[in-house]
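Below you'll find the structure, written out as structure tokens, and then a few comments.
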Amino acid sequence: MRRATTADVRLLLPLFQNEADNFLATGNRIVEKDRIASWIESEDQEAFIVMNGEKAAAYGEIWIDDAEEDLEFAHLMTAPEFRGQGFGKQVLKGLLDEAKRYSYPFIYIRVLPENHSAIKLYQSFGFEEIEPFDEIYTWMKRKNNK
């Protein structure tokens, strides 16, 4: 896993072509290249990419909330052709390793309740469901093990 740059937008765009997948990962059905670039360029987010050869296999972000003193993992996505091959686990493990650089005690993930495979993956990494902050998402939390 490595830090994503705006030069990676062309590699990441194929991950965000399926409206149903986009909705599960981002809450939006359409994700265009300008939006992906804005995620990568954001000052309070760190974007990461997992490559398999010349193709982007997975993507994920760490959102840094200095005001709340916590982290949130967001926009986790594995390309359809790479699902079931450990790339989702690889990006999640990589994000957990990167999160250790921050002294914030907790990491949050929000996921749509119908995304059962993602919830199962997050639970396998120690995330537990918590009281939701809204009515749309299932919210999960775990300690940031430094």
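What the table shows:
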{"quantity": "Number of the exception - Ile49 against (1) in contact with an Asp or Glu (Cβ under 7 Å, 6 or more places away or on another chain); (2) free of Cβ contacts under 8 Å to residues at least 40 places away in the same chain; (3) not polar (S, T, N, Q)", "calculated": "(2)"}
{"quantity": "First in segment 13-42 and over 19 Å from Ile64 (Cβ atoms), second anywhere and charged (D, E, K, R) and surrounded by 13 or more Cβ atoms within 10 Å (Cβ to Cβ), Cβ under 6 Å, 6 or more apart", "calculated": "Leu13/Lys33"}
{"quantity": "Breaking point among (1) among the β-branched types (Val, Ile, Thr); (2) crowded, with 19+ Cβ neighbours inside 10 Å; (3) not in a helix (DSSP H, G or I), for Val91", "calculated": "(3)"}
{"quantity": "Where a residue in segment 134-145 is without any contact (Cβ under 8 Å) to a residue 60 or more places away in the chain and closer than 19 Å to Asn115 by Cα and its partner, wherever it lies, is surrounded by 11 or more Cβ atoms within 10 Å (Cβ to Cβ) and aliphatic (A, V, I, L, M), with Cβ under 6 Å and at least six apart", "calculated": "Thr138/Val111; Trp139/Ile130; Met140/Ile109; Lys141/Ile130; Arg142/Ile107"}
{"quantity": "Segment 87-110 residues that are touching a residue at least 24 places away in the same chain (Cβ under 8 Å), paired with ones that are hydrophobic (A, V, I, L, M, F, W, C) and part of a helix (DSSP H, G or I) (beta carbon under 6 Å, 6 or more apart)", "calculated": "Gly88/Leu121; Ile107/Ala99"}
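Bear in mind these aren't lab numbers, they're just calculated from the coordinates by the rules spelled out. Predicted, not measured: the structure shown is a model, and the values here were computed from it. Methodologically, a virtual Cβ is constructed for each residue, glycine included, from the backbone with ideal geometry; neighbour enumeration extends over all protein chains shown.
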